[in-house]
Structures are given as C-alpha cells and as structure tokens.
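Quick notes on the structure that follows.
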Amino acid sequence: MRILVGKLTLLSVALFTAGVVACPAANAKPNILLIYVDDLGYGDLGSYGHPVIQTPNLDKLANEGLKLTNYYAPSALCSPSRAALLTGRTPYRSGIKSWIPENSGIYLREEEITLAEILKTRGYVTALVGKWHLNSNLADKEETQPADHGFDYAYGHNAFQIPTNRNPTNIFRNGEALGVQEGYTAELYADEAIRWLRQQKSGAPFFMLLSMAEPHSQFENPPEYNSMYQQYTRGEIIPIYDLEGIPKDKLIPRGPGEYYANITYMDAQLGRVLDELDLQGLTDDTIIVFASDNGPVTSAWRTWWEVNAYGSTGGLRGRKHYLYEGGIKVPAIIKYPRLIDAGSVSDQAVTGMDLFVTLAGLAGADVPGDRPIDGVNIEAVFRGEQLKSRVMFWAIPTDTDIEFVIRKNNWKLFIDRHHEPVELYNLADDPLEFFNVMRQEKAVSKDLMGLFTDMIRSIDEDPVRPAL
C-alpha cells in the first residue's frame, strides 16, 4: 500500500490550515454509516413512489428520518460520483471525469483528502464494504487503494460484479484477491458489514462506507425473490454475463421483474445491517445516510449488459450518464435521532458533496482549507431551516456533446464541450425539462455563463488538481 510520509504531511497541513481543534472524548462523536447504492433511480423505492417494488426497510428508514426530495448525485456516473462524495470536490478537480476502465491507470490521487482520512484524525475506525471503483485495479500497488485513502479495512469489488452478483470472482479483502465468493453480493456485503461491526470493541466511533453492488447490471437474484415478481417477467430467467463474448442469444427483453427483485433483495440485506445497529444499541448514536451514486439504467438500454434493467427516474427526463434530472436526481435518506425528527421531508437542493462537509462537521472536524471544497454544510436542513442561495455544477463527457451544467436556484443551463450554452430550463415551471427557454431568457443565460466561467477557472487553477 502506498501510505507515504508525504501524504500524511499533506493531510496534517491541510487540516491545520482548516483550523481543526483538539479531539474530544471518543464517545462524544457519532458513528457514521454511509450506504451508497449503485444505479438506483429516483423512482425506484416505495417511499419515492414506485407502485410495485417492495422496499420495507428503506421505507422504514425514510419514516424514521429525513427524506430528501431534491438530492443530487455529484455525477451521472459511478467513479466521479464516488470521488466527489469522499472529497467534497466536483470530480473534474480530481481528474475522475468518467467511469474508470480496468487497467487504465486512472485513480484517485494521494493528494486528495477523503472523508475517511479526516475522520481518522478524530479517532474513528474506518471500513469500506462493497464497491470502490476509484482506481483501475484493486491489485495494482502503484495505484492508490482504499487503505491509502483512510480505510482501515476494505472488502469488496471495483467496477462491477463479475460474472454477475451471484458467486462473484472479483472481490478483494485488504488488497488480496479472494477468488469465488459463494452467495450474492448483497448478502455477502451485509454479512461482512455485520461481522466488522461485531468486531469493534475499542469504543472508538466508526465510519463505514457500505457500497452496495445493486441494482447495477448484470444481476442475479435468489429464486424466491424472482418469484415475488414473476407476473412482471416473461419467459425463463437466464442470467446475462460475458465470459467468452457478448451473449447475443441471451439478450431477450424479459420485463422488469428481475430488476424489481434485485432491489427488494438489496433492501432485505440492508435491513439486516440496520437491525444489527439496533441489536448493539447503536442506532441513536449513529448517523445513517442512504443515497444512490447516480441515476438508473432505464429501459432505454445503451449497451448489451444493461438489458433487463428497468430503473425508474420517477418520470424525470434522462437516465444514467446524462445530466438531465433523471441522471443526477436520486433518492437520499438521512437518519440521526439526535438531530432529525422522524418523518421529516425536505425539498431543498443538496448534493453528495455536501455530505463530506456535513459529516465532517458532525464529527467535530473541519474540512481541508488548502483547496476548494464544493460541498456545503447542510446541518440546517436537518432542523428544517433554509439554506442560502447556491450555485451547483455538474460535468461529464457524454455522447450528446453536452458536458456541463450550471444551476442557480431553479435555473439550469446546459453547456457543450466547447463551452457554448445550448439549453436552459426553469425547474420550478418545467421540472421535466421539456421547454428550452435560452433564447427568451438571455439575461439568465449570461449570468449563468459567468458563473460557469468562474467554475472552470477555479478547476483549472485548483492547487491539487492533477496534470491532465
């Protein structure tokens, strides 16, 4: 592992610059369970309006905590979203612009400071269980690994489960490949999370990133879960996986039943982890955050491995990989009985980068002061208070040539890769983004373009941004 003196020195300088105070008693700090799921759409939970999918455990979490109805992933793809979640910085700052292909040499650089690293300075024990995907190879010691970014313990996969989420072959524990792991990833990760929680005897607060594989394709489910939704499935269930070339004979649309079952199975396994917190008497002292990394794969499939994914955006335009609302607006729930009233709902616009700042603050730590941080503290939302007006920014290469979005209040401007404005929407009047009013609202477009120019300049001049 590449834990270097320079990395530790950089972290110390960054936190000193931010003005971190002396560490209080360990029992004064909350535990943090951050659940990040893969490709779950805004409309894919019962508590967010899905008419069929059964998600009793996550619905219960929403009833006991704060349901965010205007939460945005930091990106429309997994790797940049995860980089931003852990650093509080828009992913173009870290160079993680898109998903990271295997053996591409792209990884989250050691200069970036993660939430896990900050929390370790406050006495936290840390664990990653599940998906990482912030490098191109979990076995490559030349790329930073979870341990280099503050995780004491790591068990999981990188980009996606192989060959499916049943009996995966690409799971690592602390840098060591484990071979075939018998079972389904949702249960494997719930088992590992529970095992790790039971091993914590020091009394130190914990931070666990529980990063589920579901409902990312390609997936398999226990038969009893498929049977729950058999009326939504046509024909024999034949798993789709690529061992010796694209399985064209298996690419048959079978309806959404398997996708529904995958989410319900994930919900059941997450329920086991939440029950473990109750059994250990930890729930009242634990901040539980649930969110999706980006929008869903809808039935508008783009690649062979997406066949039979039927994610719901809740009617929003777009899907995973695109910057329309369906690609970035996702479900998010926060439970913390010390601060949040049960059954709370907020429609304030927040992003995953805000979690970095907010969770650090609740742990008694400040964020690094030697670099731009794009998230803001949203603790006021927990109390039902309003946030100040803010500017939000997204960027991702797409096949439509639209690469950037800048948003201020309800105005959302789309900008192409040549830095030319192309579409403007007022989300208050047009939440489905049907009516491009850029020609009618030239003053608004000009104002947003000025903010976009400022953001691009800030990214270009970022003091820790890697050379690209």
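In the stretch 244-266, the residues that are of a type in the set (A, V, I, L, M, F, W, C) reach residues that are surrounded by 24 or more Cβ atoms within 10 Å (Cβ to Cβ) and in a helix (DSSP H, G or I) with C-beta atoms within less than 6 angstrom, at least six apart or across chains, in these pairs: MET266/ALA186. No other residue among ALA395, ALA365 is touching a residue at least 60 places away in the same chain (Cβ under 8 Å), out of contact with any strand residue (DSSP E or B) (no Cβ under 6 Å at 6 or more places or on another chain), more than 21 Å from ALA62 (Cα to Cα) and aliphatic (A, V, I, L, M) apart from ALA365. Applying the set (1) closer than 13 Å to VAL405 by Cα; (2) touching a strand residue (DSSP E or B) at 6+ places or on another chain (Cβ under 8 Å) to VAL437 leaves exactly one unmet item: (1). If you go through the stretch 360-399 and keep only what is surrounded by 14 or more Cβ atoms within 10 Å (Cβ to Cβ) and hydroxyl-bearing (Ser, Thr, Tyr), you end up with just THR398. Answer yes or no: is there a residue in the stretch 44-56 that is open to solvent by 10 Å² or more (accessible area, probe 1.4 Å), out of contact with any helix residue (DSSP H, G or I) (no Cβ under 6 Å at 6 or more places or on another chain), part of a helix (DSSP H, G or I) and modelled with pLDDT of 95 or more. Looking for residues that are open to solvent by 10 Å² or more (accessible area, probe 1.4 Å), out of contact with any helix residue (DSSP H, G or I) (no Cβ under 6 Å at 6 or more places or on another chain), part of a helix (DSSP H, G or I) and modelled with pLDDT of 95 or more, one finds at least one in the stretch 44-56, hence yes. Of all residue pairs spaced 6 or more apart or on separate chains, those with beta-carbon atoms under 9 Å, a first member in the stretch 401-413 that is under 12 Å from GLU433 (Cβ atoms) and a second member that is modelled with pLDDT under 95 and surrounded by fewer than 19 Cβ atoms within 10 Å (Cβ to Cβ) are ARG407/ARG390.
Look at the stretch 148-173: where a residue is over 14 Å from LEU138 (Cβ atoms) and without any contact (Cβ under 8 Å) to a residue 24 or more places away in the chain and a partner is open to solvent by 10 Å² or more (accessible area, probe 1.4 Å) and in a loop (DSSP other than H, G, I, E, B), sitting 6+ places away or on another chain with Cβ atoms under 9 Å, you get ASN167/VAL180; ASN167/GLN181; ASN167/GLU182; ASN167/GLY183; ASN167/GLU220. Taken over the stretch 318-351, the residue count meeting the criterion of being more than 20 Å from the chain's Cα centre (by Cα) and assigned to a loop (DSSP other than H, G, I, E, B) is 7.
Every residue, every condition in (1) open to solvent by 10 Å² or more (accessible area, probe 1.4 Å); (2) over 30 Å from GLN199 (Cβ atoms), yes or no:
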| site | (1), (2) |
| --- | --- |
| SER94 | no, yes |
| ILE106 | yes, yes |
| LYS120 | yes, no |
| VAL125 | yes, no |
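In summary, ALA139 fulfils each of the numbered conditions (1) in contact with a Gly (Cβ under 9 Å, 6 or more places away or on another chain); (2) among the small types (Gly, Ala, Ser); (3) crowded, with 16+ Cβ neighbours inside 10 Å with the single exception of condition (3).
The numbered conditions (1) farther than 30 Å from LEU66 by Cα; (2) hydroxyl-bearing (Ser, Thr, Tyr); (3) surrounded by 14 or more Cβ atoms within 10 Å (Cβ to Cβ) are all true for TYR425 except (1). Within the stretch 286-301, no residue that is of a type outside the set (Val, Ile, Thr) sits with its Cβ atom under 6 Å from a residue that is open to solvent by 10 Å² or more (accessible area, probe 1.4 Å) and assigned to a strand (DSSP E or B) at 6+ positions apart or across chains. The set of residues in the stretch 416-468 that are under 30 Å from GLU112 (Cα atoms) and either in contact (Cβ under 8 Å) with a residue 60 or more places away in the chain or aromatic (Phe, Trp, Tyr) (or both) comprises LEU451, PHE452, MET455, SER458, ILE459, ASP462, PRO463, VAL464, ARG465, PRO466, LEU468. Of all residues in the stretch 324-333, those that are closer than 19 Å to TRP301 by Cβ and either among the β-branched types (Val, Ile, Thr) or open to solvent by 10 Å² or more (accessible area, probe 1.4 Å) (or both) total 1.
Residue check: HIS418 meets all listed conditions (1) in contact with a helix residue (DSSP H, G or I) (Cβ under 7 Å, 6 or more places away or on another chain); (2) surrounded by fewer than 20 Cβ atoms within 10 Å (Cβ to Cβ); (3) assigned to a loop (DSSP other than H, G, I, E, B) but one, namely (1).
The values are calculated or read from the model by the stated rules, or taken from the named source; none is laboratory data. Everything quoted here is computed from the prediction, not taken from an experiment. Don't worry about glycine lacking a Cβ; one is built from the backbone with ideal geometry, like all the others, and counts go over all protein chains shown. Side chains are part of the model used for accessible areas, which takes the heavy atoms of the whole protein and leaves out ligands, DNA and RNA. Shrake-Rupley method; radii C 1.70, N 1.55, O 1.52, S 1.80 Å.
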